[in-house]
1. Can you confirm whether residue 141 is under 18 Å from residue 26 (Cβ atoms), touching a residue at least 60 places away in the same chain (Cβ under 8 Å) and outside any loop (DSSP other than H, G, I, E, B)?
2. On the given criteria, is residue 89 in contact with a helix residue (DSSP H, G or I) (Cβ under 9 Å, 6 or more places away or on another chain) and under 23 Å from residue 26 (Cα atoms)?
3. Identify, please: which residue in the stretch 65-75 is in contact with a helix residue (DSSP H, G or I) (Cβ under 8 Å, 6 or more places away or on another chain) and buried (at least 20 other Cβ atoms within 10 Å of the Cβ) and is, among those, nearest to residue 148 (Cα to Cα)?
4. For the stretch 37-53, which residues satisfy the criterion of being surrounded by fewer than 18 Cβ atoms within 10 Å (Cβ to Cβ) and in contact with a strand residue (DSSP E or B) (Cβ under 9 Å, 6 or more places away or on another chain)?
5. Out of 59, 34, 38, which single residue is in contact (Cβ under 8 Å) with a residue 12 or more places away in the chain, at positive phi and touching a helix residue (DSSP H, G or I) at 6+ places or on another chain (Cβ under 9 Å)?
6. Residue 111 passes all but one of (1) at pLDDT below 90; (2) at negative phi; (3) out of contact with any helix residue (DSSP H, G or I) (no Cβ under 7 Å at 6 or more places or on another chain); (4) not in a helix (DSSP H, G or I); which number fails?
């Protein structure tokens, strides 16, 4: 297998093919802070064969210790306030937070005022806002792919394809 990969890399160099557009991946940890589950259904669709989230280098991880992005759905409730902070603290640097859906952004919040702490950006610094109730899988994928930037690779770098 390694010989095949090495031969493919040589062939790419010989043909002077451009490097892949996206040379990075993104590990996502999802936290439901108190949503109606509409956003979760749309997020689950991204893993289906139709959208195939993994082919773009996006993957859901089980632990915040492995995550590049904390994806939060729903307005933060009083019971999820502390677990959300714990998940954020467990993430490695640089920490990025994405608020998914109108509830997480503080619009059209589902719930009562005494159980809601507030939108995600009042608790954590939000880097990416994905509006919608719920946002479509295409919108979610496009927004998350925006967090991945192509990595510049020098011509003499041995990692260059």
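The values are calculated or read from the model by the stated rules, or taken from the named source; none is laboratory data. A quick note: this is a predicted structure, and the numbers were derived from the prediction, not measured. No Cβ is skipped: glycine too gets one built from the backbone with ideal geometry, and neighbour counts run over all protein chains shown.
1. Answer is yes for this residue.
2. Values: in contact with a helix residue (DSSP H, G or I) (Cβ under 9 Å, 6 or more places away or on another chain): yes; under 23 Å from residue 26 (Cα atoms): yes.
Taking the combined requirement at face value, the residue satisfies it.
3. 69
4. 37, 40, 47
5. Sole residue among the options that is in contact (Cβ under 8 Å) with a residue 12 or more places away in the chain, at positive phi and touching a helix residue (DSSP H, G or I) at 6+ places or on another chain (Cβ under 9 Å): 34.
6. (2)
Each row is one residue, and each column tells you yes or no for (1) free of Cβ contacts under 8 Å to residues at least 12 places away in the same chain; (2) surrounded by fewer than 16 Cβ atoms within 10 Å (Cβ to Cβ).
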{"residue": "77", "(1), (2)": "no, no"}
{"residue": "89", "(1), (2)": "yes, yes"}
{"residue": "100", "(1), (2)": "no, no"}
{"residue": "105", "(1), (2)": "no, no"}
{"residue": "117", "(1), (2)": "no, no"}
{"residue": "125", "(1), (2)": "no, yes"}
